[in-house]
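The structure appears below as structure tokens.
The values are calculated or read from the model by the stated rules, or taken from the named source; none is laboratory data. Every value quoted in this text rests on a predicted model; they were computed, and no experiment measured them. When the accessible area is computed, the model is the full protein with side chains, heavy atoms only, and any ligands, DNA or RNA have been set aside. Shrake-Rupley method; radii C 1.70, N 1.55, O 1.52, S 1.80 Å.
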Amino acid sequence: MTASKVAGVLGLSKWASPYSTWLRMKGLLPSDDGRNADDKARGHYLEDGVTRWWVDQHPGVSIDGTQTVFDRDGWASSTPDAHGELDGETFVFDAKTDESEDDWGDEPPAYYLAQLYWQMWCADVKVAYIACLFGRPHMRFREWRVEWDEQVGAGIGFRPEQLPGGFAVQ
């Protein structure tokens, strides 16, 4: 189980339902349905630039920009875009792009928060950063710091048998 599936499993994704996530995990649906190809390409090409912008905003940050796989308990894993240390705290980092800020507010959308919590849980860290480049109403960067919250985290650190909707991880 990976971070990109968590929002779908929990019913928080705008791209997948718990059922479609289960079907993909079981191999009964293709892992990529071909939708949002332009959005995915944009994210792929711009992710490095968003990361570099974020690093420039934080003098003294030590970052490993390689996608390290963090495994947890033999069935859970995550590959944040980067991880590192800032002000003595170890963190995970994700870079995003979005056409607009419509789904973003004082914190990232729930589907990205679920992904960040999963990454923190897998990497055993208490801090995550996410930065996003928006296209409209005008192009701009924003960033958020997310600190581990035990109440929220209690719903993330589940065992395979606790997955909602009868999910089975093999």
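Put simply, the convex hull of the Cα atoms in region 1-77 casts, on average, a shadow of 6.9 nm².
Only protein heavy atoms count here; on that basis, with a 1.4 Å probe, Leu28 has an accessible area of about 110 Å². Computed extension gain for Asp56 through Arg72, at 0.36 nm per residue and net of the alpha carbon distance, reaches 2.7 nm.
Given q = 0.19, 0.26 Å⁻¹, what are the Debye log10 I(q)/I(0) values for region 48-102, with equal point scatterers placed on the Cα positions and solvent ignored? Those come out to -0.74, -1.05, one per q.
Considering only beta bridges that DSSP places wholly inside region 64-131, some 70 percent are antiparallel.
Calculate, in whole percent, how much of the Cα-Cα pair population of the chain lies beyond 22 Å.
Working: 6322 of 14365 pairs.
More than 22 Å apart: 44 percent of the Cα pairs in the chain.
Taking one quarter of the surface of the convex hull spanned by the alpha-carbon atoms of region 1-42 gives a direction-averaged projected area of 3.0 nm². When Asp56, Asp33 are compared by accessible area at a 1.4 angstrom probe, the order from most to least is Asp56, Asp33.
Just the protein heavy atoms count here, and of the accessible area of region 47-165 at 1.4 Å, carbon and sulfur take up 43 percent. Each of Glu101, Glu150 has its accessible area taken with a 1.4 Å probe; listed largest first, they run Glu150, Glu101.
Shown are Phe134, Phe70, Phe141, whose ranking by accessible area with a 1.4 Å probe and every protein chain present, most to least, is Phe141, Phe70, Phe134. With protein chains left intact and a 1.4 Å probe, residues in the chain average 55 Å² of accessible area per residue. Set the bar at 24 Å for Cα to Cα. Now go through Lys5/Lys126; Lys26/Lys96; Lys14/Lys96; Lys26/Lys126 and name every pair that lies beyond it. Listed pairs above 24 Å: Lys26/Lys96; Lys26/Lys126.
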